[in-house]
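The values are calculated or read from the model by the stated rules, or taken from the named source; none is laboratory data. Please read these numbers as outputs of a predicted model, since none were measured by experiment. Cβ placement follows ideal geometry from the backbone for every residue including glycine, while neighbour counts extend to all protein chains displayed. These area figures cover heavy atoms from the full protein model, side chains too; ligands, DNA and RNA do not enter into them. Shrake-Rupley method; radii C 1.70, N 1.55, O 1.52, S 1.80 Å.
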Amino acid sequence: MTQSTTSVSVSARRERPVGAAGQRPSPEPSPDAADSRSAARDLAERLGFDPLVDESVVDWLAVALRHRSWCSENPGSESNERLEFLGDAVLSMVVTERLLQVFPAKPEGDLAKARASVVDARTLAGVGERIGLGDLVIMSRAEEASGGRRKQSILADTVEAVIGAVYLGAGLDRTRLLVLSWLADAIYEAGERPGRHDYKTRLQELVARLSAGDRPVYQVESYGPDHARTFAATVSVGGKVLGTGSGSSKKEAQQAAAREALVELERQERSPHGEDAGGKRETGDA
């Protein structure tokens, strides 16, 4: 197929009419149509759709499965980044709606913490693993060789793109059912214990309680090629390193470091002869 068949971007399609059932018109086929459509049909069946009936869903899923690394090597193919952007917004709305329904007495601050823990990369990557999404993503050989099919960031981003695809192809009601089939339990658990996966906030609160005047200080370094960047973080309190962590994003690395530091500080707090948050030995003196 020649370059003249380049796919139309989502922004260029936005003025096209909406279908009777609320679905958006299917995207134009791209040069990699055979590869991504085969994976999209497989994914549609895993999600409970009939590929022969829900053709619009299949069309949009084909876009949702195209990682930018593949598209950069194959000009004319639209990546899943715009669908990821849309899916992030739809996901946030569905989770927020559910939290308001299930926890009508919770204050806004607790609801915000609960939502953040549900829509974070760790939770979404778990969804991606459960539905076997890593095996279906269309990515470059270099990305695949670097372990891209198991990367938390790629799985989480693709889940959001899939949500955006289902929203455009099948409408909000079916998207809501799909999201809740994945996350209803996580939403309830997060609402019961808001903020439990926000290790940076928990660490900051614990440090403030144990060591007045100190605060966690993070340092982050990155290494590796742009398509397979890895971030390494350390967190210190009072000049003492308490935790280290790594991940495919700065936020992920900082959360991992904060989690390790939180475990260490909680261990010290339980120990009658432990050290305080600044690394000083407790003497027991008044």
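Here are the numbers for the structure shown:
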item	result
Elements of type helices (runs of 4 or more DSSP H) in region 141-259, at least 1 residues being closer than 20 Å to ARG130 by Cβ	152-170, 172-192
Positions within region 130-145 being of a type in the set (A, V, I, L, M, F, W, C) and surrounded by 16 or more Cβ atoms within 10 Å (Cβ to Cβ), in sequence order	ILE131, LEU133, LEU136, VAL137, ILE138, MET139
Leading residue by the ranking (modelled with the lowest pLDDT) among those in region 264-285 that are part of a helix (DSSP H, G or I) and open to solvent by 90 Å² or more (accessible area, probe 1.4 Å)	ARG270
Hits in region 200-234 - residues which are open to solvent by less than 60 Å² (accessible area, probe 1.4 Å) and of a type in the set (Val, Ile, Thr)	THR201, VAL207, VAL220, THR230, THR234
Residues that are in contact with a strand residue (DSSP E or B) (Cβ under 9 Å, 6 or more places away or on another chain) and among the charged types (D, E, K, R), drawn from region 170-229	LYS200, ASP214, ARG215, GLU221, ARG229
Selected residue (only one of LEU43, LEU100 is at pLDDT 90 or above and open to solvent by less than 50 Å² (accessible area, probe 1.4 Å))	LEU43
Failed criterion for PRO51 (all others in (1) modelled with pLDDT of 85 or more; (2) in contact with a helix residue (DSSP H, G or I) (Cβ under 6 Å, 6 or more places away or on another chain); (3) within 27 Å of SER153 (Cα to Cα) hold)	(3)
Residue within region 205-227 that is under 30 Å from GLU108 (Cα atoms), modelled with pLDDT of 85 or more and of a type in the set (Lys, Arg) present	yes
Enumeration of residues in region 157-170 that are open to solvent by less than 40 Å² (accessible area, probe 1.4 Å) and more than 16 Å from the chain's Cα centre (by Cα)	VAL166, LEU168, GLY169, ALA170
Lone qualifier among ASP226, ASP198, ASP173 - being within 18 Å of the chain's Cα centre (by Cα) and more than 24 Å from SER38 (Cβ to Cβ)	ASP198
Qualifying positions in region 252-263 - out of contact with any strand residue (DSSP E or B) (no Cβ under 6 Å at 6 or more places or on another chain) and open to solvent by 40 Å² or more (accessible area, probe 1.4 Å)	GLU252, ARG259, VAL263
Qualifying positions in region 48-80 - touching a Leu at 6+ places or on another chain (Cβ under 6 Å) and not in a helix (DSSP H, G or I)	LEU65
Every residue from region 172-188 that is open to solvent by 60 Å² or more (accessible area, probe 1.4 Å) and among the basic types (Lys, Arg)	ARG174
Residue count, region 81-138 (criterion: of a type in the set (D, E, K, R) and not in a helix (DSSP H, G or I))	2
All positions within region 217-254 that are of a type in the set (S, T, N, Q) and without any contact (Cβ under 8 Å) to a residue 60 or more places away in the chain	GLN219, SER222, THR230, THR234, SER236, THR244, SER246, GLN254
Number of the exception - VAL127 against (1) open to solvent by 30 Å² or more (accessible area, probe 1.4 Å); (2) within 28 Å of LEU65 (Cα to Cα)	(1)
